[in-house]
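Since the structure comes first, as structure tokens, the remarks are kept for the end.
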Amino acid sequence: MEKEIVLYRTFDSSVEANIVKDVLETNGVPCFLSNEIFSSVLPLTNSEVGAIRLNVFADDVAKADTILSNTTTLSEEKE
């Protein structure tokens, strides 16, 4: 049986997307980015079309939420 892949989060920054991806993978949550190349070729600020997408398995969403709730990301540091 195939696992369902869901869109977990979107990013405007490739750097932040890769940091969050690395944090999840380091903590055992398989994930991947999509739309990364398109967003660098044609950057569309604040647009779902141009956003970098972080995808995870539906079964891992709760685990990802827990991991990221205990992690400071770049956008949170700016606030």
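Within the stretch 22-52, the set of residues being under 24 Å from Met1 (Cα atoms) and either assigned to a helix (DSSP H, G or I) or at pLDDT below 95 (or both) comprises Leu24, Glu25, Ser34.
The condition of being buried (at least 16 other Cβ atoms within 10 Å of the Cβ) and modelled with pLDDT under 95 holds for only one of Glu16, Glu2, that being Glu16.
The values are calculated or read from the model by the stated rules, or taken from the named source; none is laboratory data. If you're wondering where the values come from, they're calculated on a predicted model, not measured in any experiment. Don't worry about glycine lacking a Cβ; one is built from the backbone with ideal geometry, like all the others, and counts go over all protein chains shown.
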